[in-house]
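Participant: This is the structure, below, for whatever I ask next.
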Amino acid sequence: MTDTVLIFDTTLRDGEQSPGCSMNLEEKLKVAAQLEAMGVDIIEAGFAIASEGDFEAVSAVARQADRAVVASLARAAIGDIDRAWEAVRHARRPRIHSFIATSPLHMRVKLNKTPEQVLQAIEHTISHARNLCPDVEWSAEDATRSEPDFLARCIEIAIRCGATTINLPDTVGYATPETYGALFRDMIARVPNADRAIFSTHCHNDLGLGVANTLAAVAAGARQVESTINGIGERAGNAAVEEIAMALKVRHDVMPFRTNIVSTEITRASRLVSGITGFQVQPNKAIVGANAFAHESGIHQDGMLKDSSTYEIMTPESVGVTTSNLVMGKHSGRAAFRSKLEALGYSLGDNAFQDAFVRFKALADAKKAVFDEDIVALVDDEVLRGHDSIQVKDVEIHCGTGPARAILSLEIDGVERVAATRGNGPVDALFNAVRELVPHDKSVLERYEVHAVTGGTDAQAEVSVLLAEEGRTTRGVGAHHDTLVASVRAYVNALNKLMVKRGKSAPDALAG
Ligand SMILES: [Zn+2]
């Protein structure tokens, strides 16, 4: 058996199902490009049948991907599988990922199917998928609460019908390392044709065991792991890819497996995903938290100065943390800005470059030192939202001890409109102006958060806003050296995403 563990990233599918999370097409392409740079083997780009937007995003990622396999999720229905295939067929290495629930509870309550009907559905849909695509993954939703004899029969049929990967998700985050490892050992031993497929993990983190369960299954024979950047995902999230990759790397002595992950790209991927989704990483998060490599106690600092291995099991450089270097100031020109962008992994068209350069100059005027993080926040804000249907054009604020007044100009589907409003403070006045220009009575502002991109009082602000509408939530993000401009950009970004979400039908049975 090979010692290579394939990394299947589902940030764009399961990650995007996190409450409040949605990404537009440009954002998904940017994340997909970084996943490839990071060495991910399989990118699950979305759920093609969920909406027109999902379909387009999966197709675009399929066309863009160079090396990675691109997968789309599909329920056990011919229409779902055909739609998934239409979206991924342009990939150099396409995959159809079909799933059906196999636990007694899910079969009865959710599917309203007998076990025999579920077996027939697997046979029918996996055969169909395999006729379309040579690479087919089958998932047993709620595998960890399924009856083992029945699960083994399902797996055997899926492999016989052509599934090349068998995924056994812990959909509800209920497994422990012992039980999850035992499930893989048992299934691999008892399914007669098990050697013809790669077994895969998919762990949720409801008990904080996602990564531990994943590694236990690898030890038991799994050779594909499904995970997300920063562990984002439904409820408590999914197993975090950066933790799995670094655990296998740092503790190769006890877990003799390898991955294709380029660990120095991890930090960039983490920042990209948190910047786009507005899901800030907790400071003490393993590998990618702001404090993951910080040493504050005197004893630790003293030890670190003498020999960094006294308190460090891996170096920050090994996961791509670079000490913030002063890049440019207000005297930096176009050529310097362009080469900086290239070093940060951006290749912008002429118009986008020009827009980004104008914003960079404004930032450099307002702020003495411009760091890499500033440029990333600025360019992501400018470029990734360039196609949104509502755009912020101009903001004017008067505030002080009296009521605040705002004049806001938005471009809505190409038409510029202006509103002048008052409010209880400048943010309130601005948000009232947005509500006047884009009425959205059913949505409620649930959260408003401001973070500084770097240290210092002149730091750029990164604002995230959570909007809720009839059970759907979306999170918008905006960055600017003026906190109020960042605020209105975040609010408008959330509205743009809300409109995308309104077009999305809620598939009744999303894979766990
Ligand atoms: Zn899941």
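Participant: Looking at this structure, is Asp41 over 16 Å from the mean Cα position of the chain (by Cα), surrounded by fewer than 24 Cβ atoms within 10 Å (Cβ to Cβ) and among the acidic types (Asp, Glu)?
Facilitator: Judged against the criteria, Asp41 is not a match.
Participant: Can you give me the number of residues within the range 228-248 that are out of contact with any strand residue (DSSP E or B) (no Cβ under 6 Å at 6 or more places or on another chain) and within 12 Å of the ligand (Cβ to nearest atom)?
Facilitator: Adding up the residues that qualify gives 6.
Participant: Could you list, in sequence order, all residues of the range 353-385 that are open to solvent by 30 Å² or more (accessible area, probe 1.4 Å) and of a type outside the set (D, E, K, R)?
Facilitator: Gln354, Val358, Ala362, Ala366, Phe371, Val376, Val383
Participant: Moving on. Applying the selection to the range 86-132, what residues are hydrophobic (A, V, I, L, M, F, W, C), crowded, with 22+ Cβ neighbours inside 10 Å, out of contact with any Ser or Thr (no Cβ under 6 Å at 6 or more places or on another chain) and under 19 Å from Val61 (Cβ atoms)?
Facilitator: Ala91, Ile96
Participant: Determine the pairs where a residue that is over 26 Å from Arg93 (Cβ atoms) and in the same structural domain as Leu151 (by TED's automatic domain parsing), located within the range 113-137, has a partner that is β-branched (Val, Ile, Thr) and not in a helix (DSSP H, G or I) with Cβ atoms under 9 Å apart, the partner being 6 or more residues away or on another chain.
Facilitator: Short answer, once both residue conditions are applied: Lys113/Ile100; Pro115/Thr102; Val118/Ile100; Val118/Thr102; Ala121/Ile100.
Participant: Considering only residues of the range 1-31 that are within 15 Å of the ligand (Cβ to nearest atom) and open to solvent by 20 Å² or more (accessible area, probe 1.4 Å), which is farthest from the chain's Cα centre (by Cα)?
Facilitator: So, considering only residues that are within 15 Å of the ligand (Cβ to nearest atom) and open to solvent by 20 Å² or more (accessible area, probe 1.4 Å), the one farthest from the chain's Cα centre (by Cα) is Pro19.
Participant: With the requirement that a residue be under 15 Å from Val485 (Cα atoms), open to solvent by less than 10 Å² (accessible area, probe 1.4 Å) and touching a strand residue (DSSP E or B) at 6+ places or on another chain (Cβ under 6 Å), what does the range 411-444 give you?
Facilitator: Of everything in the range 411-444, those that are under 15 Å from Val485 (Cα atoms), open to solvent by less than 10 Å² (accessible area, probe 1.4 Å) and touching a strand residue (DSSP E or B) at 6+ places or on another chain (Cβ under 6 Å) turn out to be Ala429, Leu430, Ala433.
Participant: Enumerate the pairs (first residue in the range 234-261 and on the phi < 0 side of the Ramachandran plot; second residue anywhere and in a helix (DSSP H, G or I) and among the basic types (Lys, Arg)) with beta-carbon separation below 9 Å, excluding pairs fewer than 6 apart on the same chain, so at least 6 apart or on different chains.
Facilitator: Arg258/Lys249; Thr259/Lys249; Ile261/Lys249
Participant: Scan the range 493-508 and give yes if some residue there is touching a strand residue (DSSP E or B) at 6+ places or on another chain (Cβ under 8 Å), within 16 Å of the ligand (Cβ to nearest atom), farther than 21 Å from Leu378 by Cβ and not assigned by TED's automatic domain parsing to the domain that holds Val109, otherwise no.
Facilitator: Checked against the condition, which is being touching a strand residue (DSSP E or B) at 6+ places or on another chain (Cβ under 8 Å), within 16 Å of the ligand (Cβ to nearest atom), farther than 21 Å from Leu378 by Cβ and not assigned by TED's automatic domain parsing to the domain that holds Val109, the range 493-508 yields at least one hit.
Participant: Restricting to the range 323-373, name every residue that is within 20 Å of Glu265 (Cβ to Cβ), touching a strand residue (DSSP E or B) at 6+ places or on another chain (Cβ under 6 Å) and in a loop (DSSP other than H, G, I, E, B).
Facilitator: Hit for the range 323-373 is Ser324, nothing else.
Participant: Can you go through Arg190, Arg251, Arg258 and tell me which one is open to solvent by 50 Å² or more (accessible area, probe 1.4 Å), in contact with a strand residue (DSSP E or B) (Cβ under 7 Å, 6 or more places away or on another chain) and more than 13 Å from the ligand (Cβ to nearest atom)?
Facilitator: Criteria check complete, one pass: Arg258.
Participant: Within the range 200-225, track down each residue that is within 15 Å of the ligand (Cβ to nearest atom), open to solvent by 10 Å² or more (accessible area, probe 1.4 Å) and not in a loop (DSSP other than H, G, I, E, B).
Facilitator: Listed by number, the list holds a single entry, Val211.
Participant: Look through the range 422-475, keep the residues that are part of a helix (DSSP H, G or I) and touching a Lys or Arg at 6+ places or on another chain (Cβ under 6 Å), and return whichever of them is farthest from Val392 (Cα to Cα).
Facilitator: Ala429
The values are calculated or read from the model by the stated rules, or taken from the named source; none is laboratory data. Fair warning: this is a prediction, and the values are worked out from it, not measured in the lab. All Cβ positions, even for glycine, are placed from backbone atoms using ideal geometry, and neighbour counts span all protein chains on display. Heavy atoms of the whole protein, side chains included, go into the accessibility calculation; ligands, DNA and RNA do not. Shrake-Rupley method; radii C 1.70, N 1.55, O 1.52, S 1.80 Å.
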